[in-house]
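Below is one structure; the comments refer to it alone.
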Amino acid sequence: MEHGQRMADGRKRWLWLVGAAVWLGLPWLVFGNNYVLSTLILIGLYALVSTGMTLLMGYAGQISLGQAAFYGIGAYASAYLTAHANWPSWLALAAGAALAALVALVVGIPVFRLREHYLALATLGFGVIMFTFFKEWKGITGGLNGFFGIPPIHIAGISLQSDLQFYYLVSLFVLAGLWFAHNIVRSRVGRALRAIHGSEVAASSLGVNITKYKLQIFMLSAVYASVAGSLYAHYVTFINPDLFGIVPSIYFLIMVVIGGSSHVWGGLVGAAVYVCLGEWLKAVVPLLIPHAGGEFEIVFFGLLLVVMLIYMPNGLSGVLSKGMKRLLETGRRQKREAAVDSRQAGSIGGGQG
């Protein structure tokens, strides 16, 4: 049993390594196509936010409809501190993450006293408040006119301005985020989160501090979103409040549902599917409906969300995971059968001799 588990863990490590190698090698497959690179960067940024939400939803069982607010906190913190206070970009990114964690702590203390749809509504209200803040505090955010002149990230005096450079920077954060989330899930904290998700009453009776773990994972998801927002701000060098409103929060939720919240890499899968489908819709819908506006995306992804919840509640990662398990089981079964056949052939040959 232990030998089989070790083999399964070894295969999973190899799959992780192969996946990371493919992701890091993608730029060389597209031969420097800036459009594809910018799409991959966007997938990576959304994957960071979605990974944090996967921990919050899939393992702690808590729904947040205000995650774009933390995305905006990181973006505006980095933008203001680097453009107006002349802070180094890395220090500004860390400050934005710390601010997002602090806001999540302050918001989470009263919010996590609520349950189910009341919790979702409370986080939705928080998102509305932060969107209003981004829109009205013009001295900091620039209001609806937007925030211009955000400097690029510098590493050892080198300015990261090309898409290829930024792709590898974002990839580093995505891989580190997935690795950290994977370790969280496999730790004592992950077991406590799964217990809370299964039954808060049962978890509490076993001595699990429910409020503590909920707050911690909510703060961690806020840090993931804030880091992604900071990277986004330095990549595009211009931001406005519309990027951090209610609709983006709903899109982040859709990414988690599409990818599946039962696996830490579901956020990456969901982000990739969402971005690719969005780009495909932009190309196809105008051909079918010439005068269609941007609202068609909301309709399409809304319908997709309903279909996923009904027919594929575990998301694409659940389907992929089952497929890989079946493939690995088939491979092990074939090896066992081959070993049995070999032994039988040997015994027959020995008997004949």
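The values are calculated or read from the model by the stated rules, or taken from the named source; none is laboratory data. Computed from a prediction, not measured in an experiment: that's the story for all the values here. Here the Cβ is made from the backbone with ideal geometry for all residues, glycine too, and neighbour counts use every protein chain on show. Quick note on the areas: whole protein, heavy atoms, side chains included, nothing else; ligands and nucleic acids left out. Shrake-Rupley method; radii C 1.70, N 1.55, O 1.52, S 1.80 Å.
Summary of computed values
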read-out: Selection count, the stretch 83-102, where residues are more than 20 Å from the chain's Cα centre (by Cα) and open to solvent by less than 40 Å² (accessible area, probe 1.4 Å); value: 4
read-out: When residues of the stretch 266-289 are limited to those that are of a type outside the set (A, V, I, L, M) and either in contact with a helix residue (DSSP H, G or I) (Cβ under 6 Å, 6 or more places away or on another chain) or modelled with pLDDT of 85 or more (or both), the one most open to solvent (accessible area, probe 1.4 Å); value: Trp280
read-out: Identity of the residue in the stretch 181-209, over 19 Å from Gln62 (Cβ atoms) and within 18 Å of the chain's Cα centre (by Cα), that ends up most open to solvent (accessible area, probe 1.4 Å); value: Arg186
read-out: Residue match in the stretch 48-59 (condition: in contact with a Lys or Arg (Cβ under 9 Å, 6 or more places away or on another chain), over 22 Å from Ile246 (Cβ atoms) and either of a type outside the set (Gly, Ala, Ser) or open to solvent by 10 Å² or more (accessible area, probe 1.4 Å) (or both)); value: yes
read-out: Filter result (open to solvent by 30 Å² or more (accessible area, probe 1.4 Å) and in a strand (DSSP E or B)) within the stretch 125-164; value: His154, Ile155, Ile158, Ser159
read-out: Residue that is surrounded by the most Cβ atoms within 10 Å (Cβ to Cβ) [pool: residues in the stretch 60-70 that are more than 12 Å from the chain's Cα centre (by Cα) and in a helix (DSSP H, G or I)]; value: Phe70
read-out: Of the criteria (1) modelled with pLDDT under 85; (2) not in a helix (DSSP H, G or I), which one Val189 fails; value: (2)
